[in-house]
Amino acid sequence: MKFDELRDLKPGDKVVVEVQKIDQHDPNKTVNVGGWVFGGWIPNSEILKAYHEPAKIKMTVEEKKEFDKLLEDINNSNTDFADILNAIWNNSGDYSDLRKRLFVNANLIVDRKNQFEFAWALGNPDLIEVIKPKKYYVHLFTSECGYLNKDLEDNHYILRGKHQNSYYQTQFTKDEIAKIPQDALKITDKALEEVEEDE
Amino acid sequence: MNENQKIVLKYLKQLNKSEYSLPYVGLMMVDYDDNSLGNHALNAAGDLTKKEEFEVLAEFAKWGLKDERN
């Protein structure tokens with residue numbers, strides 16, 4: 001690595017070092033790598049470049065589920081990889097969320113970055129990070145009992161407190177909120193209170 | 001990377017130089033196994049194992065993402 005590049009490094013940065021020589025006469029004793037362990041220095045010529053953590057790929061729960069199915073199809077069956085890609089392209093398989101990510105966005109312009117990320121994910125599935133959707137309380141009236149609850153037995157909505165349990169759901173994703181029948185009232189963003197991570 | 005992987009990767013990069021190209025098409029090319037067109041890169045793609053294909057895709061993505069960020 002050139003001196004100018006080394007000068008730009010900050011404490012905590014990581015570098016890639018080329019191991020040129022290893023002394024290992026006795027496997028039970030300390031191993032010397034180059035002049036490093038006891039010398040306390042590494043020649044510039046052995047520092048190749050700055051090391052950057054490989055980029056993570058963020059996926060929603062639904063995208064990850066489809067991606068896992070895709071990998072399973074590729075690895076465990078005779079399905080051709082190109083056939084699966086074609087199915088996503090033609091919207092003829094069970095990959096609607098991946099298709100949306102790869103081919104559809106708000107401007108109806110294909111996002112090349114998403115497609116490159118998909119290729120990166122295929123080669124590095126361990127780097128996929130599943131993003132949990134944010135959840136909200138729907139607070140319709142200024143009262144402790146003004147929170148929207150979904151009765152999980154009969155799927156009806158009522159107003160109660162914000163406590164969620166196995167009978168009543170009070171925390172909703174935006175997708176779930178969009179599906180709530182809004183005949184009598186309209187839920188706007190004003191009514192939404194974000195659920196904290198530990199709630 | 002082996003020689004076939006290098007050939008395929010070079011081909012994918014060439015195909016995707018334009019900002020209007022679709023990287024997705026490149027993904028499909030990696031799995032191409034019809035040698036009848038006589039295309040050198042596609043023939044090389046046909047010889048790749050699944051593992052090698054995904055290694056090429058990772059390299060292709062690394063190249064593409066670097067380009068997209070700049």
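The values are calculated or read from the model by the stated rules, or taken from the named source; none is laboratory data. Just so we're clear, the structure is a prediction, and the values are computed from it rather than from any experiment. Every residue, glycine among them, receives a Cβ derived from its backbone with ideal geometry; neighbour counts consider all protein chains shown. All accessible areas refer to the heavy atoms of the entire protein, side chains included, with ligands and DNA or RNA removed. Shrake-Rupley method; radii C 1.70, N 1.55, O 1.52, S 1.80 Å.
Miscellaneous remarks
- Qualifying residue in segment A:113-135 (condition: more than 24 Å from A:Leu70 (Cα to Cα) and within 20 Å of the chain's Cα centre (by Cα)): yes
- Any hit, segment A:59-66, residues being assigned to a helix (DSSP H, G or I), away from chain B (no Cβ under 14 Å), modelled with pLDDT under 80 and open to solvent by less than 90 Å² (accessible area, probe 1.4 Å): no
- Within segment A:47-80, the only residue that satisfies the criterion of being among the aromatic types (Phe, Trp, Tyr) and closer than 16 Å to A:Leu102 by Cα is A:Phe67.
- Options A:Leu122, A:Leu102, A:Leu127: the member that is aliphatic (A, V, I, L, M) and more than 9 Å from chain B (Cβ to nearest Cβ): A:Leu127
- Inter-residue pairs, beta-carbon under 6 Å, first within 11 Å of chain B (Cβ to nearest Cβ) and in segment A:80-97, second open to solvent by 50 Å² or more (accessible area, probe 1.4 Å), 6+ apart: A:Ile88/A:Arg99
- Unmet criterion (only one of (1) modelled with pLDDT of 85 or more; (2) assigned to a helix (DSSP H, G or I)) for B:Met1: (2)
- Any hit, segment A:178-196, residues being touching a Gly at 6+ places or on another chain (Cβ under 8 Å) and either of a type outside the set (Gly, Ala, Ser) or open to solvent by less than 100 Å² (accessible area, probe 1.4 Å) (or both): no
- Residues in segment A:57-76 that are without any contact (Cβ under 8 Å) to a residue 40 or more places away in the chain and under 13 Å from A:Ile88 (Cβ atoms): A:Glu63, A:Glu66, A:Lys69, A:Leu70, A:Asp73, A:Ile74.
- Segment A:67-92: number of residues that are over 24 Å from B:Thr49 (Cα atoms) and either at pLDDT below 80 or crowded, with 17+ Cβ neighbours inside 10 Å (or both): 2
- Check on A:Lys113, among the charged types (D, E, K, R), farther than 21 Å from B:Glu19 by Cα and at pLDDT 85 or above: no
- When residues of segment A:1-34 are limited to those that are modelled with pLDDT of 65 or more and in contact with a Lys or Arg (Cβ under 9 Å, 6 or more places away or on another chain), the one most open to solvent (accessible area, probe 1.4 Å): A:Glu5
- Some residue of segment B:32-39 being modelled with pLDDT under 85, within 9 Å of another protein chain (Cβ to nearest Cβ) and assigned to a loop (DSSP other than H, G, I, E, B): yes
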